[in-house]
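Quick notes on the structure that follows.
The values are calculated or read from the model by the stated rules, or taken from the named source; none is laboratory data. Note that this is a predicted model, so its numbers are computed, not measured. Cβ sites come from the backbone with ideal geometry, for glycine too, and all protein chains shown count toward neighbours. What goes into the accessible areas is simple: the full protein's heavy atoms, side chains included, and nothing from ligands, DNA or RNA. Shrake-Rupley method; radii C 1.70, N 1.55, O 1.52, S 1.80 Å.
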Amino acid sequence: MNNAIRHTWVVSVALFLSLFVALSLIQVVLADDLNSRDENARQTIANAGAPRGPITVDGAPIVESVPSDHTQYDFQRVYHEPELYSGITGFFSVTGSSSGLESELNDYLSGQSDSQFFDRITALFTGRTMQGAQVELTLDGELQQLAYDLIPEDRRGTIVVTDVTTGEIRAMASKPSYDPNDLAVHSASEFEEAQQRLEEQPGLSIWTNRALNMPVAPGSTFKLVDTLAMLESGDYDLDTELDVPETLDLPNTEHGLENFADGGCHQREQAEFIWIFAQSCNTPFAEAAMELGQDEILAAAEAFGWNQSIEVPLSTTPSRFPTDELSDDVLALSSIGQQDVTATAMQLNMAAAAIANDGTMMHPQLVDTIRGSDLQILQQPSPEVLNEVMDSSTASDITEMMVETVESGTGFRAQSERFDVAAKTGTAEIGDDDGLVNSWITGFAPADDPQYAVTVVYERIELSEGSQLTGSQMLTMLEAVIEE
Amino acid sequence: MSSAETDHPKPRRNAELVLLLIALVIGIGAQVLVGLTMEDQIDQRYWIEAAVQVVLAVGFHVVLRLRAAYADPFILPIAVTLNGLGIAMIHRLDFTAAYEGVADRQLVWTAVSMAAAAALLIWLKDHRRLRQLTYISLLVSIVLLFLPIVPGLGRDIQGAQVWVSIGAMSFQPGELAKITLAIFFAGFLANNRDLILLAGRKVGPLTFPRLQDLGPLFLAWVIALGVLIVQNDLGNALMFFGLFVAVIYVATSRFSWIAIGGVFIAAGAVLAYQMVPHARNRFDIWLHAFDPEIYGQMYGSHQLVQGMFGLAHGGLTGTGLGNGNPQMVSLANSDMIIAAFGEELGFIGLGAMLLLYFILFSRYMRAAVGTRDHFGKLLAAGLAVILVLQVFVVVGGITRVIPMTGLVSPFLAAGGSALLANWLIVAIVLMISNAARRPIYAGPMLNTTGAGAAGTEDPLSSDQARTETTAEQTGVTDAAGPAADSASAGSQGGQR
């Protein structure tokens, strides 16, 4: 009987050996393969809990990773002044979803970019935790704060300020905003709860930036595009006399196109182009657009960057001008920034900045420098020309018209005592029963030596409140950013 | 067996005490590490829990000193080590969102189980008394196995109907059925061994038993299998198969039994695959764990694959207690606790724990080899096989050596029923090992060496049964000669 017991023991030894073989296969031999499988969320967790690099403004971190206890994640992502920067930083969640720069620059922030390869190797051998790169933004913290504070709570507004000669973004604030700390929680269920709560807020998107990704009808600010097309056609100059009918009959439709009821357009039946621009009369622009044709307007729009996405490095949503053939009535409406035409705040700001910069459009840039954890510079974007939109004489013509707009036209609220301001206003009807509009202004200053372009837009706002806010806030921003 | 007469075996309880202290240091140390990692402090609760564990272990040790002084000195320390590690890991998992307060329950169950095991040691005195319960054990096994499918009592948890609920308490009676079935197998085979061996038909080189000799065993096997298929508890079905074959082989030393067992196992597997969708599902998971469809489906391979990821994440040295993500595997503190250990203690830590299992199993087997009576041998071997099969089915399932079935790792996994069963097994094996190692001073008339001689006598009136109790009553330790103890034994026997 004892022999049988010993035999049983030997068989059991074999069973144990098979377990040891299987364990060593899984835990040692095939471990790397298993660790790198897509289904393996542990890597994601390791990444999610890794010390990501900070994002800084004026050298101070607005986002950083601090050591964290009590959860499986080693580090906690902390957003300072969260609402002020949420549209830019986005959020980083342990569930793997992220937005904004956290998503766009993830390779750098997490230390996985190609340029950090040697850092990773060093970290591997020294056993040090791999530190992500730090990203310094071009933003001016005070200006960003000012812009953010200007926008009233419960309004959907955006303010963008860029340097016209370099394309650097100085301020890009919008409301409604949110607190990314709510989404940087270390629990998937808490994240989902917060996400659901935030997504229920009207007008709020945690995935996008309002200034870059929210194209809406630009209204009369789109006349900058018409003006470019008109001037470049050679058929028009500032003093060209144009008819200013109160109503323009449109082909194929019973509706006529009217000038704005409270504008100054009804004062004259004929006027020179610069006056029409300053008063933002609809009918002459619509007529000119139909005369020039869709292709000319489209070409001007695309020269400014419509129908094109850029990376600042956040991706912009293309502002839209229809490329398929439009009937004349639709073209007429499109030329005054209605119908299917849309624009983001950044798009219009790029247009104003191009005019300011002698017709040369600079690539908007949000990132100043990206440094490795050893402070070595990994990336430092230099000013980059995006497009030569127009020659400098055309640019100075449009500048003159925009100055006129501020001095005696619709942009009067942006008038400064310190310098000449060039601007174009816009009001887009959004076809909603409450009579709400999108209210725009875009422009730059000083007109004789342009430094900064500013764009202010409010969506779904009452007409009078909108024009009140946009003009005065543009002025506030310009006076703040331009040194005496 | 002759060594008992010549070597003057020592009780070795002092060695056990030293090992027990090491075991407590490991278990409580792991608990303290968990506390330091997860909450940066060790509050009063830790010391209370540690004290409870010390009291339980030392208390059990004292019972052994008094009741089974010659019991194997390795078994208790290993069980305490594994039990302590289990509590530490369960406590560590309590810090995750999925579990709460399980460690406290486990500690309570540990106390209940160890107390029950100690009580069994004190009350039973000698394992041979269990032999009288051979057929009662069969009856009890049937009742225990059928309880969960009694309407109103049973509960279906995760596809296996193995639970019984009485009020808020739930219990897996099948865990205890392991013991009663092992007792039945051992008792039946010890009684009928000669008959089975002598009467049989020779077919080629193999001798097959007569059908009527097989009858009761076959009946037990069919009942166990039938109930388990109905209950969907494949892990236990596999274990009963293994137990059945191993005990018969040990009883007869005949290879033909292995062959018969192999045929039974194969037939059972085919039957299960054909008739039980649950079993088929397990096979598919095993063979195609990484198939996206199987990975994604409900009750698919997600748990298995996540467990393997956990093991891989642990690698050679592990993440350290509290630093891994074992909670990503479902049932991390019960069925999958091995994956949690593999992740946080690494291959080295888990390997060491497997070695502990292996030593524990070997000590069980040693008791089987050492004891003199056939019933004790068969029982110890059966209980050892239960241990090794539990470990193999659990760890093999997690490491994809065999299809994964629901069995719990002995002593480690959260769950009172299994813990109680395993501690009762410890008590029984300790009794058997005590019987194996204690010195015998047999009179000339007693036949202790002939086959079948021991174990046929009435255990209550046997001299051997008393030797142990009296040895402790006189408080003699290793140093004293056993001869002196037994001299006083005669007069004091029967006092308890």
Residue hits (segment A:323-340; in contact (Cβ under 8 Å) with a residue 24 or more places away in the chain and out of contact with any helix residue (DSSP H, G or I) (no Cβ under 6 Å at 6 or more places or on another chain)) are A:323, A:325, A:327, A:329, A:333, A:334, A:338
Note on segment A:385-420: residues touching a residue at least 60 places away in the same chain (Cβ under 8 Å), touching a Ser or Thr at 6+ places or on another chain (Cβ under 9 Å) and open to solvent by 60 Å² or more (accessible area, probe 1.4 Å) are A:413
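Counting residues that are farther than 24 Å from residue A:57 by Cα and more than 14 Å from the chain's Cα centre (by Cα), which helices (runs of 4 or more DSSP H) fully inside segment A:122-219 reach at least 1?
Passing ranges, in order: A:188-199.
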Only one of A:181, A:213, A:209 is open to solvent by less than 10 Å² (accessible area, probe 1.4 Å) and in contact (Cβ under 8 Å) with a residue 60 or more places away in the chain, namely A:209
Residues of segment B:253-271 being under 24 Å from the mean Cα position of the chain (by Cα) and farther than 15 Å from residue B:229 by Cβ, in sequence order, are B:253, B:257, B:258, B:261, B:262
Those residues of segment A:7-44 that are β-branched (Val, Ile, Thr), at the interface with chain B (Cβ under 7 Å from one of its Cβ atoms) and open to solvent by 40 Å² or more (accessible area, probe 1.4 Å) come to a total of 1
Restricting segment B:348-360 to residues that are farther than 22 Å from residue B:106 by Cβ and either in contact (Cβ under 8 Å) with a residue 60 or more places away in the chain or open to solvent by 10 Å² or more (accessible area, probe 1.4 Å) (or both), the one nearest to the other protein chains (Cβ to nearest Cβ) turns out to be B:358
query = Is it true that residue B:53 is of a type in the set (S, T, N, Q) and within 23 Å of the chain's Cα centre (by Cα)?
reply = yes
Considering only strands (runs of 3 or more DSSP E) wholly within segment A:345-431, the ones with at least 2 residues that are under 20 Å from residue A:302 (Cβ atoms) are A:360-362, A:385-388, A:422-429
* To do: Could you please let me know if residue B:376 is on the phi > 0 side of the Ramachandran plot, open to solvent by less than 10 Å² (accessible area, probe 1.4 Å), within 26 Å of the chain's Cα centre (by Cα) and at pLDDT 85 or above?
  => no
Considering segment B:311-321, residues that are surrounded by 22 or more Cβ atoms within 10 Å (Cβ to Cβ) and more than 8 Å from chain A (Cβ to nearest Cβ), and then whichever is farthest from residue A:32 (Cα to Cα), we arrive at B:321
Note on segment B:33-46: residues more than 19 Å from residue B:58 (Cβ to Cβ) and either more than 14 Å from chain A (Cβ to nearest Cβ) or in a helix (DSSP H, G or I) (or both) are B:33, B:34, B:35, B:36, B:37, B:38, B:39, B:42, B:43, B:44, B:45
Exactly one of A:146, A:183 is more than 19 Å from residue A:101 (Cβ to Cβ) and aliphatic (A, V, I, L, M), and that residue is A:146
Filtering segment B:322-347 down to residues that are at pLDDT 85 or above, within 7 Å of another protein chain (Cβ to nearest Cβ) and open to solvent by 10 Å² or more (accessible area, probe 1.4 Å) yields B:347
Scanning segment A:288-336 for residues that are open to solvent by 40 Å² or more (accessible area, probe 1.4 Å), assigned to a helix (DSSP H, G or I) and over 29 Å from residue A:87 (Cβ atoms) gives A:290, A:291, A:295, A:296, A:299, A:328, A:333
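Output the residue which, of all residues in segment B:62-98 that are within 14 Å of another protein chain (Cβ to nearest Cβ) and in a loop (DSSP other than H, G, I, E, B), is farthest from residue B:429 (Cα to Cα).
Looking at residues that are within 14 Å of another protein chain (Cβ to nearest Cβ) and in a loop (DSSP other than H, G, I, E, B), I get B:97.
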By residue number, the members of segment B:82-111 that are within 16 Å of the chain's Cα centre (by Cα) and open to solvent by 10 Å² or more (accessible area, probe 1.4 Å) are B:109
task = Would you mind stating whether residue A:256 is in contact with a strand residue (DSSP E or B) (Cβ under 6 Å, 6 or more places away or on another chain) and modelled with pLDDT under 90?
result = yes
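Being surrounded by fewer than 24 Cβ atoms within 10 Å (Cβ to Cβ) and farther than 27 Å from residue B:103 by Cα narrows it down to one of B:432, B:402, so name that one.
Step by step, each of B:432, B:402 is checked, and only B:402 is surrounded by fewer than 24 Cβ atoms within 10 Å (Cβ to Cβ) and farther than 27 Å from residue B:103 by Cα.
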Filtering segment A:452-477 down to residues that are open to solvent by 10 Å² or more (accessible area, probe 1.4 Å) and over 20 Å from the mean Cα position of the chain (by Cα) yields A:462, A:463, A:464, A:465, A:467, A:468, A:469, A:472, A:475, A:476
Subset of segment A:390-415, residues within 22 Å of residue A:358 (Cα to Cα) and small (Gly, Ala, Ser), comes to A:392, A:393, A:395, A:396, A:411, A:414
